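Engineer: Have a look at this one.
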Amino acid sequence: MSLILAVETSCDETAVAILRDGSNLLASEVWSQAEVHSAYGGVVPEVASRNHLAALPTVARRALERAGVGIAEIDAFAATVGPGLPTALLVGVAYAKALAVGCGRPFLAMNHIEGHLFSPFFGEPFVPPHLGLVVSGGHTLLVDVASFSERRVLGSTVDDAAGEAFDKVAKLLGLGYPGGVEIERLAREGDARRYVFPRSMRHSGDFQFSFSGLKTAVRYLLERERVHGPDVAASFQAAVVEVLAEKAVAAALACGRDLIAVSGGVSSNAALQAALSEAAARHRISVRLAPRELRTDNAAMIAYVAALRAGGGGDSLATDVEPSLDLERFAAPG
Ligand code: KG4
Ligand code: ZN
């Protein structure tokens, strides 16, 4: 399966990518609906679905043009079937299935988190053993990875995802959506030691996370006193990245891994990168990031995992979307 076209519509990015031989990225088109949703302060599922439906033909045409290939040359059509917003997933999955039927090629049902998890190795023929940290708007996961097909989730968040915490606190501070970038910018002028926020579950002895108490602590502080915005942003950010970095390193040590791979939108955060590198270096653990444009949602990472999984004839066209799909299962095979 040398030429894969992948569609990603699990949240508010409408994305199509074309990948040759698992490593040669011919096109990766991403149309972000962030601006559409920013008016609502978050993603509105029905608005996302309608925009996916309207945008997909254009985004796909652009991808084919950029790649310089005709639709008839595509060997397989992949789409994210989960996890994600049900009606948003439906649009991309129906689109990819229709192309697969029209072109008489296989349909590949892919897992969104798997795409994030392996994005730091984009283009490589094998995924090496490592400890994966996925930090996105929807997920916070620590995963012990022995190989592409052998992965074990060690822990996740019991409430908000890391990116969600950034988005919610940004909203409290009156910043725009998505909030991660805005908080990071504001935090640069702030003092991270000015306010002491809880480091939830830091000493819980497991690999679980919790970020909703932190968000509540910020809300109480804002209700109680006049604050200095940059100091709140910096102190909040420090609380999040400290726990992420400490637990990722502890998990790598527990599993005997000497490599931590970080993915998802929050992995672009420079404070997180610094905290991780510092904590990891103390134990001679290396840190690997995904290429910048593959950190937030995109279809290139979906095409890559489709290429890694390739073999077998593809998935049944009866495959449904799986809004709560987890990482330990492959996307529903036929
Ligand atoms: O990976 P992604 O597209 O989300 C999901 O798949 O769910 O990442 C989006 C998330 C948002 O929550 C956004 O606020 C956060 O990543 N984010 C950041 C930064 N850039 C994006 N969070 C902290 N610092 C950043 N620089
Ligand atoms: Zn994502």
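Engineer: Restricting attention to region 94-115, report how many residues are among the aliphatic types (A, V, I, L, M), touching a Pro at 6+ places or on another chain (Cβ under 9 Å), assigned to a helix (DSSP H, G or I) and more than 14 Å from ligand 2 (Cβ to nearest atom).
Structural biologist: Result for region 94-115: 1.
Engineer: Go through region 281-291 and count every residue that is more than 10 Å from ligand 1 (Cβ to nearest atom) and touching a Ser or Thr at 6+ places or on another chain (Cβ under 7 Å).
Structural biologist: Matching residues across region 281-291 total 2.
Engineer: Of all residues in region 116-140, which are of a type in the set (S, T, N, Q) and part of a helix (DSSP H, G or I)?
Structural biologist: 119
Engineer: Give 181, 153 a once-over and let me know the one that is within 16 Å of ligand 1 (Cβ to nearest atom) and in the same structural domain as residue 262 (by TED's automatic domain parsing).
Structural biologist: One residue alone meets the criteria, 181.
Engineer: A further question on this structure: Somewhere in region 285-307, is a residue farther than 24 Å from residue 152 by Cα, away from ligand 2 (no atom under 16 Å from the Cβ) and of a type outside the set (A, V, I, L, M, F, W, C)?
Structural biologist: no
Engineer: A further question follows. Can residue 83 be described as within 16 Å of ligand 1 (Cβ to nearest atom), in contact with a Gly (Cβ under 8 Å, 6 or more places away or on another chain) and not assigned by TED's automatic domain parsing to the domain that holds residue 135?
Structural biologist: yes
Engineer: I would also like to ask the following. For region 119-140, give me the residue count where each residue is closer than 20 Å to residue 269 by Cβ and either surrounded by fewer than 24 Cβ atoms within 10 Å (Cβ to Cβ) or within 8 Å of the chain's Cα centre (by Cα) (or both).
Structural biologist: 7
Engineer: Can we say residue 154 is under 17 Å from the mean Cα position of the chain (by Cα) and among the hydrophobic types (A, V, I, L, M, F, W, C)?
Structural biologist: no
The values are calculated or read from the model by the stated rules, or taken from the named source; none is laboratory data. Here the structure is a predicted model, which is why all the values come from computation and not from measurement. Heads up, the Cβs are rebuilt from the backbone with ideal geometry, glycines too, and the neighbour counts pull from every protein chain shown.
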